[in-house]
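**Student:** I'd like to ask you about the structure that follows.
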Amino acid sequence: MLYVLGGTLPAGGEEWLKDLAAHTLEWWGILGLSVLTDFIFQFVSWSLYPALRDVNRDAMIAGTGFLVMFVALDLAVTWPNYAALITLSSKYAAAIGDTQRMALVAAANYAVEVLSSSLLAVYAILVPSLGILIIGLVMLKGAFSKVTAYLGVVTGVLGIISVAGPFFIAALGMTAILTSILTTVWVLFVGHKLLRLSQ
């Protein structure tokens with residue numbers, strides 16, 4: 001819902017600053033919820049390893065490793081850059097002269113380039129998708145339901161397609177939206193099962 005209120009972000013540092021200045025509250029909400037989600041994702045990742053290590057220890061090390069790496073990169077790169085842009089947008093809106101605005105735009109351009117980089121899609125979509133795919137395959141032989149396992153497999157495959165697919169067919173990039181939704185559903189299924197296993 002916050003993403004709908006925040007709107008899609010344009011290209012270019014100055015456009016980002018103008019857009020973020022108009023939706024500051026929404027983007028701080030998005031940032032806060034996303035950081036919270038990363039921490040929850042981290043707990044789920046660490047909880048999955050002991051639940052499935054007896055099924056395939058090496059695969060679980062790899063799958064958990066991908067998920068932990070995603071969270072570390074997301075917290076170190078994505079959200080600090082968004083926080084910088086949101087802060088700069090407030091300063092841009094309050095700036096008095098063109099010189100001050102141009103300095104703020106120059107500062108914003110770096111963060112915009114980082115967030116617009118195709119490398120961001122690799123670690124924000126591909127890395128967790130690989131982890132979810134591997135863990136989903138392990139779940140097929142573990143205590144998790146087949147629905148949860150296959151949901152993980154499908155989510156992982158769609159995530160890989162959303163990053164690699166646009167090199168061949170541009171429209172395949174849209175599968176990132178479905179991947180994001182399925183990841184949320186998968187985490188809910190996994191969290192429910194982990195709670196039941198802990199009782």
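The values are calculated or read from the model by the stated rules, or taken from the named source; none is laboratory data. For clarity, every value in this text was computed on a predicted model and none was experimentally measured. Note that each Cβ is placed from the backbone with ideal geometry, even for glycine, and that neighbours are counted across all protein chains shown.
**Student:** Look through segment 115-146, keep the residues that are among the small types (Gly, Ala, Ser), within 22 Å of ALA83 (Cβ to Cβ) and touching a residue at least 24 places away in the same chain (Cβ under 8 Å), and return whichever of them is surrounded by the most Cβ atoms within 10 Å (Cβ to Cβ).
**Tutor:** ALA124
**Student:** Now for a different question. Quick one: is LEU130 of a type in the set (A, V, I, L, M) and at pLDDT 95 or above?
**Tutor:** yes
**Student:** If you don't mind, another one. Just checking, which of ASN81, ASN109 is buried (at least 17 other Cβ atoms within 10 Å of the Cβ), touching a helix residue (DSSP H, G or I) at 6+ places or on another chain (Cβ under 7 Å) and either charged (D, E, K, R) or over 20 Å from THR155 (Cα atoms) (or both)?
**Tutor:** ASN81
**Student:** Do we find that ALA72 is free of Cβ contacts under 8 Å to residues at least 60 places away in the same chain, aliphatic (A, V, I, L, M) and surrounded by fewer than 17 Cβ atoms within 10 Å (Cβ to Cβ) in this structure?
**Tutor:** The answer is yes for ALA72.
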